[in-house]
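These notes are about the structure you will find just below.
The values are calculated or read from the model by the stated rules, or taken from the named source; none is laboratory data. This is a predicted model, so every value here is computed, not measured. Note that we place each Cβ from the backbone using ideal geometry, even for glycine, and neighbour counts take in every protein chain shown. Each accessible area value is taken on the protein alone, full model and side chains, heavy atoms only, with ligands, DNA and RNA left out. Shrake-Rupley method; radii C 1.70, N 1.55, O 1.52, S 1.80 Å.
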Amino acid sequence: MKILIAYDGSECADAALDDLTQAGLPESGEIQILSVAEVWLPPPPPSSYEIVEEAENARSPADLQRDFSKHSAAAKEVLALAERAHDRVQTLFPNWKVSADSSCGSAAWELVAKADEWKPDLIMVGSHGRTALGRFVLGSVSQRVLTEARCSVRIARGRVDEPRSPVRIIVGTDGSEASEEALKAVAARHWPPRSEIKVVMVDDPLAPEFLGKVIPPLGKVLEEDRQEERAWVEKISKRSLDILRNAGVKVTCAVREGDPKREVCKAAEEWNANCIFVGSAGFSNRLERFVLGSVSAAIAARAHCSVEVVRKSAHAA
């Protein structure tokens, strides 16, 4: 497993590192930590020797500017941040190969570019939002990475009382292929003993009931649809339990009524969950990735806990 971690030295970034201990990670893997300096002003003028040396290797003016930016004070500061995070992560995961790197530019774009180059299974970013309003407006870096990345993304905002303590996982599912990917991702992780998984399905009965009252002849047809929906719920529950059977933890299923974007978050808060897993459909272009799937994006923005949006990686396809 390969994980790319965004680190900016903030309190929420440190919390994201601790959140890794509750992500059900395997005993070994590879982690790369990236800190980005948003260098808007040009760095100090280089010497004529440096100009010639860098220009020989640069393929464009942008490459030349990027090389010069690496020598700025800001770039050196973020590299020190990445190295500090490296030491912390290596202590938490002694059997993992951990490396640290820095870059200059827009944090979100640098992370996505690094992911396209390195091809991780998961990108982890911290979320600054703690209040309801702060969570609703997902940070620009988190939102852009969530939108543009081709692999799974974990928005870390969970509290960690004790590393590798039992965790509570909510998996939102609607029976789609994307939802199955989320279930499979959870099943493949290595959860601490006494952890629990709750599969949440959300049904919205309001519209059928309303139409049945307004247009009585539709009542019978709508009731038949409701019966089909109940059969669908039973089928999805059984399928979910089958996928999670080998996860080695307690698994339950719950059905809620209402808006999935709200109900999955409410279920997680009421149950005091540590993380929500949801699937996201694969997209073929930037416009499709921008809309992302409103349920996944809204849950990532609104949840009080960490959220992992699982996407079948284009890198593995």
Item to check | Charge context of S240, other residues only, Cβ under 12 angstrom, K/R +1, D/E -1 | outcome: +2
Checklist entry - With every protein chain present, what accessible area does W109 have (1.4 Å probe, heavy atoms only), rounded to the nearest 10 Å²? => result 100
Checklist entry - In terms of solvent-accessible area of protein heavy atoms at a 1.4 angstrom probe, what is the ranking of L122, L92, highest value first? => result L92, L122
Checklist entry - Once the Cα atoms of region 1-42 are picked out, what are the Rg and Dmax in Å? => result 13.0, 43
Next on the checklist: Could you report the accessible area of D18 in Å², rounded to 10, computed with a 1.4 Å probe on the protein chains as they sit in the structure?
Outcome noted: 50
Checklist entry - Roughly how much of H304 is accessible, in Å² to the nearest 10, using a 1.4 Å probe? => result 50
